[in-house]
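Right, one structure below, let's go through it.
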Amino acid sequence: MLVKFRPLMATAAKARAAAAVAASTAAAAAAERDEHMHYKHTDACHHLRWTAKESYEYMYARPWSRVVDFYADLVRAGAGAGAAGLAKLFGKDEKDYTLDTTGENYVTTSSEKQTATISTKDRGGRWERVTFKIVLSYHGGSFDGWQKQPSLNTVQGLIEKHLGQFVDERKAKQLEARSLPIEGCAVVAGRTDKGVTALQQVCSFYTWRKDVKSGDIKHAINEAAPDKLKPLHVSEVTREEHSSKVLENSEHNIKPQSFDVAKVDEILRKLAGKTLSYKMFARDTQASRSVGPPTECFMFHSRAAVAKLYSANEDYKEGMKVMCVELVANRFLRKMVRVLVATAIREAAAGAGEDALLNLMEATDRRATAPPAPPEGLSLVDVGYEDFSKQRCFIVD
């Protein structure tokens, strides 16, 4: 499984803006306090490197509302633009990134269905249930993340509530007996944090009912939260399918106020094509998942480039210059993408070498990396089940 995240963020102004935390609250500030403790770096550019507090303030002072509006426009566009909505940022043909609803992963022909029926006819049990693949987009600013949590407006909670009408009778009785609401169960490819947008998220839902159609599920989800959550495609999958699948600083005591996007790109490139432990870039992970193989990820693609962000808002017709970071990996740890982006910016601003992120992986304290960048700039663009193809990437040479 490939998961593609492309965080967008405005390039830093040459004169540093006043520290302002976007949508800050006392609780949010308290949550980040532990990460503001400064780590003592000893390399040649340690005197130019932002402290954790300075890095946090710098990242949160960016005009994230413009990025949030952009993502909201993508989710609202037509039936959901998906990854294709980002193509024009990089001068790409939208057709090359349009969600494929004609391939074998989305359509099962009548002959294939007949074969699947014969192959599973005598198996019984779980082989008799019907599984649906759901591709959807949602606006991160409208939800408290993906994962279902009590009293919070989450994507999973909303979807499962509307899938309740497709639950089979046996499960419905079991839920009623336990005084639980009749809801479906949506299993997602990768959870997203609060504020993170998804353009082509993938989840699955199964039922023992044979009368449920893909169109029924799509219609139900489409009514859940118009303009905030959109099902792009829903398809039935067989059991077999489901199982297989530029800075200038002359004085050393003056810290940088800006960074070079080309330098960020140079630093990120060093991650591609390697299986590495990203434990220093993870946050809030369980102790059992903070060491060894659970921390290892293979990065297929890691690039940064300048793009121009346009908005439907009449006040922003000229567009805003932003930096876009595109990461494609087999998996991501909790908050890993946001920490990677913030740290790459910090290291670029300090003038660190191209191996800066690789060197930080040898650290023994997570304070060596920067606090996570705001979630508003992050978007899960696509989830893939086939071999990685660079042609599907936006930022290429």
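Taking first residues from region 341-354 that are outside any helix (DSSP H, G or I) and modelled with pLDDT under 95 and partners that are β-branched (Val, Ile, Thr) and open to solvent by less than 10 Å² (accessible area, probe 1.4 Å), the Cβ contacts under 9 Å between residues at least 6 apart in sequence or on separate chains come to ALA352/ILE267; GLY353/ILE267; GLU354/ILE267. Quick check, is ARG269 closer than 20 Å to LEU360 by Cα, open to solvent by 60 Å² or more (accessible area, probe 1.4 Å) and at pLDDT 95 or above? Yes: the conditions hold for ARG269.
The set of residues in region 355-378 that are closer than 25 Å to TRP64 by Cβ, hydrophobic (A, V, I, L, M, F, W, C) and in a loop (DSSP other than H, G, I, E, B) comprises ALA370, ALA373, LEU378. Return the pairs, sorted by first residue and then second, in which the second residue is at pLDDT below 70 and not in a loop (DSSP other than H, G, I, E, B), the first residue lies in region 81-105 and is open to solvent by 80 Å² or more (accessible area, probe 1.4 Å) and among the acidic types (Asp, Glu), the beta carbons are less than 9 Å apart, and the residues are 6+ apart or on different chains. Short answer, once both residue conditions are applied: GLU104/GLU112; GLU104/GLU241. If you go through region 274-283 one residue at a time, do you hit one that is in contact with a strand residue (DSSP E or B) (Cβ under 8 Å, 6 or more places away or on another chain), modelled with pLDDT under 95, under 26 Å from GLY157 (Cα atoms) and outside any strand (DSSP E or B)? No, region 274-283 contains no residue that is in contact with a strand residue (DSSP E or B) (Cβ under 8 Å, 6 or more places away or on another chain), modelled with pLDDT under 95, under 26 Å from GLY157 (Cα atoms) and outside any strand (DSSP E or B). The set of residues in region 330-351 that are small (Gly, Ala, Ser), over 17 Å from VAL67 (Cβ atoms) and buried (at least 24 other Cβ atoms within 10 Å of the Cβ) comprises ALA344, ALA348, ALA349.
Regarding region 212-231, can at least one residue be identified that is within 30 Å of THR51 (Cα to Cα) and either modelled with pLDDT of 90 or more or not in a helix (DSSP H, G or I) (or both)? For region 212-231, residues within 30 Å of THR51 (Cα to Cα) and either modelled with pLDDT of 90 or more or not in a helix (DSSP H, G or I) (or both): absent.
In this structure, SER111 does not qualify as modelled with pLDDT of 70 or more and outside any loop (DSSP other than H, G, I, E, B).
Does VAL322 count as farther than 27 Å from ALA44 by Cβ, touching a strand residue (DSSP E or B) at 6+ places or on another chain (Cβ under 9 Å), among the hydrophobic types (A, V, I, L, M, F, W, C) and buried (at least 22 other Cβ atoms within 10 Å of the Cβ)? Answer is yes for this residue.
Of all residue pairs spaced 6 or more apart or on separate chains, those with beta-carbon atoms under 7 Å, a first member in region 177-202 that is charged (D, E, K, R) and a second member that is not in a loop (DSSP other than H, G, I, E, B) are GLU183/GLU160; GLU183/LYS161; GLU183/LEU163; GLU183/GLY164; ASP193/PRO375; LYS194/PRO375.
Residue by residue, here is whether (1) on the phi < 0 side of the Ramachandran plot; (2) at pLDDT below 85 holds:
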| residue | (1), (2) |
| --- | --- |
| ALA19 | yes, yes |
| ALA23 | no, yes |
| ALA28 | yes, yes |
| ASP34 | yes, yes |
| HIS38 | yes, yes |
| ALA61 | yes, no |
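Quick check on this structure: which one of VAL237, VAL291 is modelled with pLDDT under 95 and closer than 22 Å to PHE332 by Cβ? Selected residue: VAL291, the only one of VAL237, VAL291 that is modelled with pLDDT under 95 and closer than 22 Å to PHE332 by Cβ.
The values are calculated or read from the model by the stated rules, or taken from the named source; none is laboratory data. From a predicted model like this one, the values you see are computed outputs, not experimental measurements. Glycine also receives a Cβ, built like all others from the backbone with ideal geometry; neighbour counts cover every protein chain displayed. For the accessible areas, the whole protein counts, side chains as well, though only heavy atoms, and no ligand, DNA or RNA atoms are used. Shrake-Rupley method; radii C 1.70, N 1.55, O 1.52, S 1.80 Å.
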